[in-house]
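Here is the structure we will look at, set down as structure tokens.
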Amino acid sequence: VIELPCLFALREARGFAEGGVQLLSRLGIVDAIAFGCEEECIGLIEPVAKCLLEEPAEYKDELHRLLDSGLSYPKARAKAAAHTLGIDESALDRPNFALALEYAQANMRLEHPLELVTRTSDYHSEELAEICSASAIRAAIQRGDTCAALNCLPENCRKEFRLALGGGAGREACALTDASFIDDLALFTLRQHSPQSLS
């Protein structure tokens, strides 16, 4: 496990991807990068990333036209790429695909690009599956389906999760089923700091 420095971890998708890909590349021991993407978008990663990176004339013209019409840069960029490549623009409006594009572009900028390996998963699905989203695990716990939720976790995490959910070992049960728990905890922690300590 390698920590991505805050400089990149707190950036928008492009900065996040650039930092991660550069860091992995410079380690000198990484051959491939694996990341998730919606199944229907996997074949679009390379052509769309190449279009956004190389900005052919048709793309640039369409981008300027869309920006002049008042669209935001991210929306104009996606529409211009879809127009240039002749694909349905709704295909580009997927959260994991957006980050996958940034990984692909960052990789294309490397002197020696790494292999890109994609896996499919719906990170926002609330249904339990062989590979589950965190949302699915939380939803199962909220439904009271704790056993099924725990079975989706790595074995070495289950004991800690059981303790956290039910209390025990001298601790209170934690509010994992409360959707606002983590937000409140983060806000509480941040409010204990001065601007100087946060910087």
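The values are calculated or read from the model by the stated rules, or taken from the named source; none is laboratory data. Keep in mind it's a predicted model, so treat the numbers as computed, not measured. Glycine also receives a Cβ, built like all others from the backbone with ideal geometry; neighbour counts cover every protein chain displayed. Accessible surface areas use protein heavy atoms only, side chains included; no ligands, DNA or RNA. Shrake-Rupley method; radii C 1.70, N 1.55, O 1.52, S 1.80 Å.
List of remarks:
- Normalised Debye scattering of the chain at q = 0.12 Å⁻¹ gives log10 I(q)/I(0) of -0.85, counting only Cα atoms as equal scatterers and leaving out solvent.
- Residues in the chain average 65 Å² of solvent-accessible surface per residue, probe 1.4 Å, ligands and nucleic acids excluded.
- Taking the longest Cα principal axis of the chain as reference, the axis of helix 13-27 is set at about 80 degrees.
- The Cα-based radius of gyration of segment 77-156, divided by its Kirkwood radius, gives an Rg/Rh of 1.14.
- The ratio of the alpha-carbon radius of gyration of segment 110-151 to the globular-protein estimate 2.2 N^0.38 Å is 1.67.
- Distance from the C-alpha centroid of segment 37-65 to that of segment 85-141: 16 Å, rounded to the whole angstrom.
- Estimated vicinal HN-Hα couplings, Hz - segment 37-47 in sequence order (Karplus 6.51, -1.76, 1.60; Gly, Pro = x): 7, 4, 4, 6, 9, 4, x, 8, 4, 5, x
- Projected area, mean over directions - segment 1-106, Cα convex hull, nm²: 7.5 nm²
- Carbon + sulfur, % of accessible area of segment 1-64 - ligands and nucleic acids excluded, 1.4 Å: 55 percent
- Positive end of the dipole of the chain (Cβ unit charges, origin at the Cα centre): among Leu44, Asn107, Gln142, the Cα lying farthest that way belongs to Gln142.
- Segment 1-84 - percent relative contact order, Cα under 8 Å, separation 6 or more: 19 percent
- Shown for the chain: lysine pairs separated by 8 or more places, or found on different chains, whose C-alpha atoms are under 22 Å apart, numbering 5.
- 15 Å beta-carbon shell around Met108, net charge (K/R +1, D/E -1): -4
- Heavy-atom accessible area order for Ile2, Ile42, Ile29, largest first, 1.4 Å probe: Ile29, Ile2, Ile42
- Size of charge dipole - the chain - debye, nearest 20, with Cβ of Lys, Arg +1 and Asp, Glu -1, no other charges: 660 debye
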